[in-house]
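Each remark here refers to the structure printed beneath this line.
The values are calculated or read from the model by the stated rules, or taken from the named source; none is laboratory data. Predicted model only: the values in this text are computed from it and were never measured. Glycine gets a Cβ as well: all are built from the backbone with ideal geometry, and neighbour counts include every protein chain shown.
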Amino acid sequence: MTDPLEDARQRSGIEIRHLYKIFGTNPGRFIKRVKEGMTKEELNDRHNHVLGLQDINLSLPPGEISVIMGLSGSGKSTLIRHINGLIEPTAGEVLYEGRDVVAMKGAELREFRRTKTAMVFQKFALLPHRTVLENTLYGLDIRGVPRAEAEPVARAWIERVGLSGFEENYPNQLSGGMQQRVGLARALANDADILLMDEAFSALDPLIRMDMQKVLLELQQELQKTIIFITHDLDEALRLGDSIAILRDGKLEQVGTGQDIVLRPANDVNRGRVIRASRLARPLAEGEAPPEFRVDGYRVLERVAREMAAAGVAQATVLDRKGVATGVIDSEAILNAMVTPAEAP
Ligand SMILES: Nc1ncnc2c1ncn2[C@@H]1O[C@H](COP(=O)(O)OP(=O)(O)O)[C@@H](O)[C@H]1O
Ligand SMILES: [Mg+2]
């Protein structure tokens, strides 16, 4: 038997090199000046063009979940759509198996998109007049795979995502979580190496969302797909991502593991160095025992995060200057505060 991890390492990852995207009527006119340093503001205010992506360099390793994180409008969807050639860049390369997706045209691009990539959307994008089975079959249908061959494949994936018994149901008879399972089954039925997931779980309720994260992680253990997962939620990023890339205003701000992002945030203002732990302390929940590990509330988040990481704890009791417990701090809350801009006053 082949080891799926070893197998994954033999495969191609995706290399994004010097990728720029300018939106507007004549992007080519401005690319040189943007490369020379013209800012997003200047391009927008003086020339009425939008700088969507700016000099993105990113390696997306085979068989891993690479998370792309960023606020709304930071360029996440623009970036992921370059990977399957839905958007043409103003400059740059997207390399996969030694080929540049950017240079692919017509039939070659369609073939690449159909056979190598599958996309899962936030809005499920199921066909309302097709059953679960028919929706799952859809990609195979388009590729001309005969029904007799496609159906057992689709049924197996429906079972694998936990929807056995719903094969003949229509999307509007399913909950959001179930619809997203169909979206996932459809993507997996394509047997594409690259899975592009654009805020795929963002519309789901928190509990269902965590279910789906679990489903994805379990499937990934087996499948070792190259997954690009977009989210604006740090908890989700930390749970799913083998690595996390943070986009801000079309620029890559930081790339690393969850741990890197937490302990060495690269924000312009390093919130970890200005926010004090006491600000994030929450009251103990009813019946919750106070964590044994204690931190000083007047210390800044970065310091407290280091202490907690060194002790290997995810929660700590926060003390005030007199040594009195004022609440509990969670590592996830710290991470969130460190990478998310403060709310506008
Ligand atoms: N077709 C387009 N024309 C002009 N501007 C666009 C277009 N698509 C995206 N943008 C702009 O590019 C930026 C990034 O958008 P997007 O990739 O959708 O962000 P995200 O997915 O992170 O919310 C935004 O400022 C958006 O307004
Ligand atoms: Mg988006």
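Points worth noting:
- Qualifying positions in region 278-294 - without any contact (Cβ under 8 Å) to a residue 12 or more places away in the chain and more than 17 Å from S331 (Cβ to Cβ): E286, G287, A289
- Residue within region 107-121 that is without any contact (Cβ under 8 Å) to a residue 24 or more places away in the chain, aliphatic (A, V, I, L, M) and over 20 Å from K225 (Cα atoms) present: yes
- Screening K123, K116 for residues that are away from ligand 2 (no atom under 16 Å from the Cβ) and in the same structural domain as E236 (by TED's automatic domain parsing) leaves exactly one candidate, K116.
- Considered as a group, the residues in region 200-259 that are within 16 Å of ligand 1 (Cβ to nearest atom) and acidic (D, E) include one that is farthest from Q10 (Cα to Cα), and that residue is D249.
- Extreme residue, farthest from S331 (Cα to Cα), among residues of region 234-255 that are within 15 Å of ligand 2 (Cβ to nearest atom) and under 9 Å from the mean Cα position of the chain (by Cα): A245
- Here E41, E88, E64, E111 are screened, and the one residue that is modelled with pLDDT under 95 and within 30 Å of T136 (Cα to Cα) is E111.
- Failed item, numbered, when A156 is tested on (1) over 19 Å from the mean Cα position of the chain (by Cα); (2) assigned to a loop (DSSP other than H, G, I, E, B): (2)
- In region 30-81, the residues that are closer than 19 Å to K225 by Cβ and among the acidic types (D, E): E64
- For region 75-87, the condition holds for no residue, the condition being that it is more than 16 Å from ligand 2 (Cβ to nearest atom) and farther than 25 Å from Q54 by Cα.
- The residues on offer are I208, I228, I194, and the sole one that is within 16 Å of ligand 2 (Cβ to nearest atom) and more than 23 Å from A337 (Cα to Cα) is I228.
- Sole exception among (1) modelled with pLDDT under 95; (2) touching an Asp or Glu at 6+ places or on another chain (Cβ under 8 Å) for Q10, by number: (2)
- In region 171-213, the residues that are closer than 30 Å to R110 by Cα and among the basic types (K, R): R181, R186
- The one condition in (1) surrounded by fewer than 19 Cβ atoms within 10 Å (Cβ to Cβ); (2) touching a residue at least 12 places away in the same chain (Cβ under 8 Å) that T136 fails to fulfil: (1)
- Residue count for region 287-327, restricted to those that are in a strand (DSSP E or B) and modelled with pLDDT under 90: 1
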